[in-house]
1. Taking ARG199, is it of a type outside the set (A, V, I, L, M, F, W, C) and in contact (Cβ under 8 Å) with a residue 12 or more places away in the chain?
2. Looking at LEU214, LEU248, LEU252, can you tell me which residue is surrounded by 16 or more Cβ atoms within 10 Å (Cβ to Cβ), modelled with pLDDT under 90 and touching a strand residue (DSSP E or B) at 6+ places or on another chain (Cβ under 6 Å)?
3. For region 28-54, name all the residues that are among the hydrophobic types (A, V, I, L, M, F, W, C), surrounded by 14 or more Cβ atoms within 10 Å (Cβ to Cβ) and free of Cβ contacts under 8 Å to residues at least 40 places away in the same chain.
4. Could you list all residues from region 200-211 that are surrounded by fewer than 13 Cβ atoms within 10 Å (Cβ to Cβ) and either under 21 Å from the mean Cα position of the chain (by Cα) or not hydroxyl-bearing (Ser, Thr, Tyr) (or both)?
5. If you take the residues in region 217-245 that are over 16 Å from LYS120 (Cβ atoms) and aliphatic (A, V, I, L, M), which one is surrounded by the fewest Cβ atoms within 10 Å (Cβ to Cβ)?
6. Can you tell me which residue is surrounded by the fewest Cβ atoms within 10 Å (Cβ to Cβ) among those in region 129-169 that are of a type in the set (Lys, Arg) and in a loop (DSSP other than H, G, I, E, B)?
7. Looking at GLY76 and the list (1) at positive phi; (2) without any contact (Cβ under 8 Å) to a residue 40 or more places away in the chain, which single condition is not satisfied?
Amino acid sequence: MNSSEIITNNNGSIYHLCLKPEHISCDIILVGDPFRVDEVSKYMNDVEFIIQNREFRSATGYYNNKRISVISTGIGGSNIDIVINEIDTLVNYDFVKNKYKENHKQINFIRIGTSGSISKNIPINSFLISKYAIDLNSQLSSYDLENYKNDKIFKLPYDSQKFFYCIKCSESLHKKFNSKLINSGITATCNGFYSFQGRKTRIPLKTLINFDDLDKLSFENDNVTNLEMETAIIYGLANFLNHNAISLNAILANRKYDSYSPDPSSVIDSLIKYTLERI
């Protein structure tokens, strides 16, 4: 492997995350906001370290005697591409022999994130587990999806000419984190917050998202319920690399009712506690 492909820093850590293999657990909580790493790690015991480079902040500690890592990804699919690939490299690359190992270690990725509902049935201040995720802007298209044989990644028709790639979550993690306290649905992952999600600013939009059409998309009795910017990319890369992934969403906005949570911090904190109790 060329040194320009797998880049390490002078201290041996991976290029962007600045982590070494011994730093991370097999159970990794992903958050977008670097400050949210501290909001998770404050509930941990014996935090081993806190490392930050750019928007990537990481900590590893213990919750109920279980070793857990929490890593911030920043915003969007491009950052997810960095984080998932670098974590996989840390656990599955032999830095001495300079090649990927033959036997691959499996990681559990648990996303704790925020999201906006496009369904009248998913209110603000609620939780939602992403049973499926749609790559709405084809962010995974740089990977060879057509020749990737996996029943968890499939084409979901939108109309007679268009389809979206849809990716299923880990069944084992869904069973672990699902409950009567959390809604379930299909999450649409967009490549941005404003134009890609149909938010109007002073710049005219070329294409408006038709929420009425989007939330009619369904699979196995689940409808498209919410919009965010990371889940489909996490699910796609996790499936490609044979890892497990689940996305847990704090619903802070409802686009149908044009409403936003009056206390988003408490909703996110409640979701953090919900996650840690089940990890």
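The values are calculated or read from the model by the stated rules, or taken from the named source; none is laboratory data. Since the model is a prediction, treat every value here as computed from it, not as a measurement. When we count neighbours, we look across all protein chains shown, and the Cβ atoms used for this are built from the backbone with ideal geometry, even at glycine.
1. no
2. Criteria check complete, one pass: LEU214.
3. Matches in region 28-54: VAL37, MET44, VAL47, ILE50, ILE51.
4. Scanning region 200-211 gives LYS200, ARG202, ILE203, PRO204, LYS206, LEU208, ASN210.
5. LEU241
6. Step by step, filter region 129-169, then rank; the result is LYS149.
7. Here GLY76 meets the rest and fails (2).
Matching residues to (1) aromatic (Phe, Trp, Tyr); (2) at pLDDT below 95; (3) over 17 Å from the mean Cα position of the chain (by Cα):
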{"site": "ASN221", "(1), (2), (3)": "no, yes, yes"}
{"site": "MET229", "(1), (2), (3)": "no, no, no"}
{"site": "TYR235", "(1), (2), (3)": "yes, no, no"}
{"site": "HIS243", "(1), (2), (3)": "no, no, no"}
